[in-house]
Amino acid sequence: NQAPSTSLAGADQVQCNNSTFNLAGNNPPVGVGTWTIVSGPGTVGITTPSSYGSQVTGVTAGTSATLRWTISNGACPSSTDDVVLTNYATPTTATITATPLTSCGLTSGSLGGNTPTAGTGSWSQISGPGTSTFSAGTSGSSTATATAYGTYVYRWTISNGTCTPTTADVTVTYYQSPTTASIS
């Protein structure tokens, strides 16, 4: 028998909240190909295991699956290649619990972003007369320290893989302490 064609399972795929994937293995000129599940949730199913372009279902949101494309021809050693299918969960909707905030001095209190159950959060400065640093840039309860007094807008963004991020904004106004009153 002739050695089977080299197996090419296609590029790894990522999606957002879509449990169905279309495989892109190569069509072997020599040998017969078969898809198998290497790992993944128990819900994963291959529609047509012998088709290089089969559909895969059941890759639930927040999970990934590894599939193997094996090309065999008689007694010759088989050729294999793996593809990873990742289905990201839609990120948690970003919310702010305290808006707007005021501060006497250049350090805010807790910015009030929610804790994501799907995805990760991060703070950024959208506007303001100076620059800002965050005490814990990936924590919703982070504080912000500004370099100049005035009004700032900070954005809490929750992202997860290829999914569209969600955002919420909070306005913080930093006031300078008033001059000490005195009578001369």
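Remarks
- For the range 79-184, the Kirkwood hydrodynamic radius from C-alpha pairs, put into Stokes-Einstein at 20 °C and a viscosity of 1.002 mPa s, yields a diffusion coefficient of 139 µm² per second.
- Average accessible surface for the range 113-179: 50 Å² per residue, computed with a 1.4 Å probe over protein heavy atoms with every protein chain in place.
- The range 2-90 - Rg (one decimal) and Dmax (whole number), Cα, Å: 13.2, 47
- Result for the chain in a Gaussian network model with C-alpha springs under 10 Å: among A146, A168, A75, the largest mean-square fluctuation is at A75.
- Atom-type composition of the exposed protein surface of the range 22-154 places 53 percent of the accessible area on carbon and sulfur (1.4 angstrom probe).
- For the range 57-139, fraction of C-alpha pairs farther apart than 20 Å, in %: 59
- Entry note: the chain has Rg to Rh equal to 1.33, where both radii use alpha-carbon atoms and Rh is the Kirkwood radius.
The values are calculated or read from the model by the stated rules, or taken from the named source; none is laboratory data. Model, not experiment: these values are computed from the prediction. Side chains included, ligands, DNA and RNA excluded: accessible areas come from the protein's heavy atoms. Shrake-Rupley method; radii C 1.70, N 1.55, O 1.52, S 1.80 Å.
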